[in-house]
Structure formats: structure tokens, C-alpha cells
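Trainee: Starting off with a structure, shown below.
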Amino acid sequence: MNRRLRLAVARLYLVLDGAHAHVLDAALRGGVDVVQLRDKELPDAELVRAAEPFRRACDAHGALFVLNDRPDLVDACRADGVHVGQRDVSVADARALVGDERIVGLSIETVDQLDATGADYLGVGAVFTTPTKTDAEAAGLDLVHAAAARVTIPWFAIGGIDLENAGDVVAAGAPGIAVVRAIRDADDPEAAARALRAALGEPPPA
């Protein structure tokens, strides 16, 4: 299955830094569809090394592997694509660097940004406050409702989402969710991923 077809059916997206690669296999067994390596502090060579277990784990489980903010390193990291923010390289520039075969994701922070074009998927939020991105202003479920009404490409609600509020996010219209702590910090990451898939109304992985 090509990358965009896999993206079209993806529902659960996990963001991790390189220090938490040990969570990958359990999270993927639990049903994570997309994994993003986000580690802005690592020098280039270390980021490429950090990507190796991400690529292996995603290959083993048939998941997509996305690199945060570094389209110039997508080839070296053997990533399936790149995710950029509103203050990072533009979608057009990212696409020029990674090529048409790879996917490009874009962060959306406000309703006004929802009509952005050129990306393969959107990360919409922060929905709730989150300590993993302290500069992000929580937009609440209103942004999720707006995205549900206007966005026609794959998208994931992100920001402070956990098992307690995932149902509300899904009820507001989110087809997918992206999480960090809800899986990374769980005592049982596999069980946490399975529970989040259930909140999305998705069957457990085989």
C-alpha cells in the first residue's frame, strides 16, 4: 500500500523524541498508525542515528514514519515524510525537498489556517493545554468542529489529548488523534494505544 493510501486509513498518531524509542514496539502493537520523530535539539548526525529504530519499528508493523521539521534529512532518515509547523519551512519548500512520493504534514493552530493547501495531512491543535508544547495556545473543541466541517484531507487533532478526553474530541468530529504523553508515559503503552483506538471507534489491531 502506498504512503497516501496508508495515511488515508490512519487514525492514531504518536509523537516521540529519540530518547523514548523503547516505547515504539509496544505502541505499534497497540495500533499506532503513524509515528513522528520530533527531537529539535539533536545535531543532524545524531538525529539520523535516532531515526534508525523508528524506521525499523515502523517497517516491522506497517506504520508510517514521519520526521519533524527537517525535510532536508528525510532521505538520510529514510522517513516516509515530514511534518512542518506554521513557523517552519513552507509546505511548498518541504515538498520540493522530499519529493512527490513522500507525505508532508502541516500544523494548524487557528480556524483561519484551515484552508491551507498543498499538505497531505494536517495536525489540528493544540486542542487542550499540553506541557509538551508550552508555547501552544489551546484552541478547544471549537477548532475541531471547524476542521470537521472544512477539511477534506486526512487530519489529526493534537494537544493534550488522552483517554479521558479522546471521546469528546472524536465526538466533535476528529477522524484521528495525535498523542504524546497518553502513550509515552503510560505504564503499558500497548494497552494505552489499544484503548485510544477503541475511543476512536476502531477495532484493535490483529
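Trainee: Where the centre of each part is set by its Cα atoms, how far does the stretch 148-191 sit from the stretch 8-61, in angstrom?
Mentor: The stretch 148-191 and the stretch 8-61 have Cα centres spaced 17 Å from each other.
Trainee: Let me ask something else. Give me D for the chain in µm² s⁻¹, whole number, from Stokes-Einstein with Rh from the Kirkwood sum over alpha-carbon pairs, 25 °C and 0.890 mPa s.
Mentor: The Stokes-Einstein estimate is 147 µm²/s.
Trainee: While we're looking at this one, here's another question. Using a/c under 1.5 as the rounded threshold, could you call the stretch 156-206 rounded, prolate or oblate? The axes a ≥ b ≥ c are square roots of the C-alpha gyration tensor eigenvalues, and prolate needs a/b larger than b/c, oblate otherwise.
Mentor: Since a/c reaches 1.5 but b/c is at least a/b, the shape of the stretch 156-206 is classed as oblate.
Trainee: Moving to a separate point now. Which residue fluctuates most in the GNM of the chain (Cα springs below 10 Å): Ala126, Ala157, Ala26?
Mentor: Ala26
Trainee: Right, here's the next one. Quick one: compute the contact order of the chain, relative version, from alpha carbon pairs under 8 angstrom and 6+ residues apart, as a percent.
Mentor: Relative contact order, the chain: 21 percent.
Trainee: Something else about it: Given bins 10 angstrom wide, list per bin the percent of all Cα-Cα distances in the stretch 1-44, short to long.
Mentor: Here the calculated profile for the stretch 1-44 is 24, 47, 26, 2.
Trainee: With springs connecting C-alpha atoms under 10 Å apart, model the chain as a Gaussian network and identify which of Pro189, Pro53, Pro43 has the largest mean-square fluctuation.
Mentor: Looking only at Pro189, Pro53, Pro43, the largest GNM fluctuation is found for Pro43.
Trainee: Rounded, prolate or oblate: which fits the stretch 6-97, taking a ≥ b ≥ c as square roots of the Cα gyration tensor eigenvalues, rounded meaning a/c under 1.5, else prolate when a/b beats b/c? If you can, show how the numbers build up before the last one.
Mentor: Values: a/c = 1.85, a/b = 1.30, b/c = 1.42.
The shape class here is oblate.
Trainee: How about the stretch 9-73: which trypsin sites (Lys or Arg not before Pro) there are in a DSSP loop, with at most 16 other Cβ atoms within 10 Å of their Cβ?
Mentor: Loop-located and lightly packed - Lys40.
Trainee: Could you tell me the relative contact order of the stretch 48-155? Use alpha-carbon pairs under 8 Å, at least six residues apart, and round to a whole percent.
Mentor: 17 percent
Trainee: On to the next question. Among His83, Ala146, Tyr13, which residue has its Cα furthest toward the positive end of the charge dipole of the stretch 1-156, with +1 on Lys/Arg Cβ and -1 on Asp/Glu Cβ?
Mentor: Of the options given, the answer is Tyr13.
Trainee: Give me the net charge for the shell around Leu5: Cβ to Cβ below 13 angstrom, other residues only, Lys and Arg +1, Asp and Glu -1.
Mentor: Local charge sum for Leu5: -1.
Trainee: Leaving out ligands and nucleic acids, note down the accessible area per residue over the stretch 86-206 with a 1.4 angstrom probe, in whole Å².
Mentor: Values: 5850 Å² over 121 residues.
That works out to 48 Å² for each residue.
The values are calculated or read from the model by the stated rules, or taken from the named source; none is laboratory data. Since we're looking at a predicted model, the values are computed, not measured. FYI the Cβ positions are ideal-geometry reconstructions off the backbone, even for glycines, and counts take in every protein chain you see. SASA here: full protein model, heavy atoms, side chains in, ligands and nucleic acids out. Shrake-Rupley method; radii C 1.70, N 1.55, O 1.52, S 1.80 Å.
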